[in-house]
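A.B. asks: One structure follows; several queries about it will come next.
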Amino acid sequence: MNLHLHGKIALVTGSSKGIGAGIARGLAREGAVVMVHGRNRDQATAVVRQIQLDGGTAHVVTGDLTDETEVDALLNDVRTVGDVDILVNNAGGSGVGSDWSTTEAGVWASTYDANVLAAMRMSKAVLPQMRHAGWGRIINISSLAALMPPAGNPDYSAAKAAMLAMSASMAKAVAAEGVTVNTVSPGTIRSEKLERKFREVAKQKALAPDAPWEEVEAEVLPLFASVPIGRVGTLEEIADAVAFLASPRASYITGSNLRLDGGMLPTI
């Protein structure tokens with residue numbers, strides 16, 4: 001399927017590693033010009049080089065998305081390449097782990113800033129041009145934790161749930177102007193961080209350090225989550241979903257939340 005993304009400029013925040021890097025690579029495979037963002041220039045540059053080796057086009061931009069001055073500077077760097085057609089708000093994360101015995105208001109404020117307000121700043125900055133052009137895509141990366149909050153890290157679940165409401169509101173505001181806004185909520189996804197965690201647990205279960213991933217996954221996944229499909233998701237599956245939502249083929253989809261969770265969430 002041709003997603004007609006060739007030449008579109010896509011800015012993926014927090015794309016120097018993990019899910020963001022996977023999304024950046026996926027958009028580049030579809031022909032988009034990808035702006036790889038991170039706070040660590042070396043990490044972002046490594047992702048850009050891999051994209052280029054694979055035949056894609058990418059550039060590095062850096063900046064702290066909780067600082068409006070740095071956001072402005074970042075966007076000025078992006079505009080030297082062109083206007084943003086596709087914005088993927090992936091930056092954020094859970095920060096310092098906490099529970100209801102240790103959580104502090106300051107942690108909640110910091111997590112909200114890094115996830116929700118960062119996405120709001122970026123979206124507000126690119127929306128005027130998208131509305132003027134009559135075309136644009138904003139895709140916010142939330143989490144299954146927004147829909148099935150665990151007992152721990154309540155600040156993270158609350159922030160990711162806020163992103164769902166933010167996306168729905170924004171989608172209604174710009175739908176008539178050719179701009180769509182959607183959310184993707186990943187469940188358990190195989191990233192370098194997750195694989196390290198799984199292999200640490202597998203070692204405790206007496207599996208060999210170099211055991212095939214399929215063995216590690218089968219042994220460890222049930223300890224972390226009950227996934228009906230029986231495996232974790234891949235970065236490529238996340239990237240493919242984002243690429244479709246970013247494409248002209250998804251022009252009638254807006255205000256939605258796409259779950260990539262292997263069937264974990266019961267249908268209500």
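The values are calculated or read from the model by the stated rules, or taken from the named source; none is laboratory data. The model shown is predicted, which means the values in this text are computed figures rather than measured ones. Heads up, the Cβs are rebuilt from the backbone with ideal geometry, glycines too, and the neighbour counts pull from every protein chain shown. Note: areas computed on protein heavy atoms with side chains; ligands, DNA, RNA excluded. Shrake-Rupley method; radii C 1.70, N 1.55, O 1.52, S 1.80 Å.
A.B. asks: Only one of Val88, Val96, Val71 is of a type outside the set (Asp, Glu), under 28 Å from Met264 (Cα atoms) and over 17 Å from the mean Cα position of the chain (by Cα); which? Break it down into steps so the answer makes sense when it comes.
C.D. replies: Numbers: Val88 fails: over 17 Å from the mean Cα position of the chain (by Cα); Val71 fails: under 28 Å from Met264 (Cα atoms).
Being of a type outside the set (Asp, Glu), under 28 Å from Met264 (Cα atoms) and over 17 Å from the mean Cα position of the chain (by Cα) holds for just one of Val88, Val96, Val71, which is Val96.
A.B. asks: May I pose another question? Name the pairs: first residue in the range 138-151 and among the hydroxyl-bearing types (Ser, Thr, Tyr), second residue modelled with pLDDT of 95 or more and buried (at least 20 other Cβ atoms within 10 Å of the Cβ), Cβ to Cβ under 6 Å, at least 6 apart or on different chains?
C.D. replies: From residues that are among the hydroxyl-bearing types (Ser, Thr, Tyr), the pairs are Ser142/Lys160; Ser142/Met163; Ser142/Thr183; Ser142/Ser185; Ser143/Lys160; Ser143/Ser185.
A.B. asks: If you check Leu144 against the conditions, is it open to solvent by less than 60 Å² (accessible area, probe 1.4 Å), in contact with a Gly (Cβ under 9 Å, 6 or more places away or on another chain) and closer than 25 Å to Ile86 by Cα? Lay out the reasoning, then the answer.
C.D. replies: On the way: open to solvent by less than 60 Å² (accessible area, probe 1.4 Å): yes; in contact with a Gly (Cβ under 9 Å, 6 or more places away or on another chain): yes; closer than 25 Å to Ile86 by Cα: yes.
Yes.
A.B. asks: If the requirement is being assigned to a helix (DSSP H, G or I), among the hydroxyl-bearing types (Ser, Thr, Tyr) and buried (at least 16 other Cβ atoms within 10 Å of the Cβ), which of these qualifies: Ser110, Ser94, Ser98? Let's see the steps before the verdict.
C.D. replies: Numbers: Ser94 fails: assigned to a helix (DSSP H, G or I); Ser98 fails: assigned to a helix (DSSP H, G or I).
Ser110 is the lone residue from the list that is assigned to a helix (DSSP H, G or I), among the hydroxyl-bearing types (Ser, Thr, Tyr) and buried (at least 16 other Cβ atoms within 10 Å of the Cβ).
A.B. asks: Hey, does the range 197-214 have a residue that's loosely packed, with under 14 Cβ neighbours inside 10 Å, at positive phi and either touching a strand residue (DSSP E or B) at 6+ places or on another chain (Cβ under 9 Å) or in a loop (DSSP other than H, G, I, E, B) (or both)?
C.D. replies: Yes, the range 197-214 contains a residue that is loosely packed, with under 14 Cβ neighbours inside 10 Å, at positive phi and either touching a strand residue (DSSP E or B) at 6+ places or on another chain (Cβ under 9 Å) or in a loop (DSSP other than H, G, I, E, B) (or both).
A.B. asks: Oh, and also: Give the range 222-268 a look and list any residue that's in a helix (DSSP H, G or I), more than 21 Å from Glu195 (Cα to Cα) and open to solvent by 40 Å² or more (accessible area, probe 1.4 Å), or say none. Break it down stepwise before answering.
C.D. replies: Within the range 222-268, the first condition is being in a helix (DSSP H, G or I), and the residues that meet it are 222-224, 235-245, 248-250.
Subset that is more than 21 Å from Glu195 (Cα to Cα): 241-245, 248-250.
Passing the criteria: Phe244, Pro248, Arg249.
A.B. asks: Could you check the range 170-210 and list, in sequence order, the residues that are among the small types (Gly, Ala, Ser) and either closer than 22 Å to Gly93 by Cα or in contact (Cβ under 8 Å) with a residue 12 or more places away in the chain (or both)? So that I can check it myself, show each step before the final result.
C.D. replies: Just the residues of the range 170-210 that are among the small types (Gly, Ala, Ser), to begin with: 171, 173, 175-176, 178, 185, 187, 191, 202, 206, 208.
Ala171, Ala175, Gly178, Ser185, Gly187, Ser191, Ala202 - these are the residues of the range 170-210 that are among the small types (Gly, Ala, Ser) and either closer than 22 Å to Gly93 by Cα or in contact (Cβ under 8 Å) with a residue 12 or more places away in the chain (or both).
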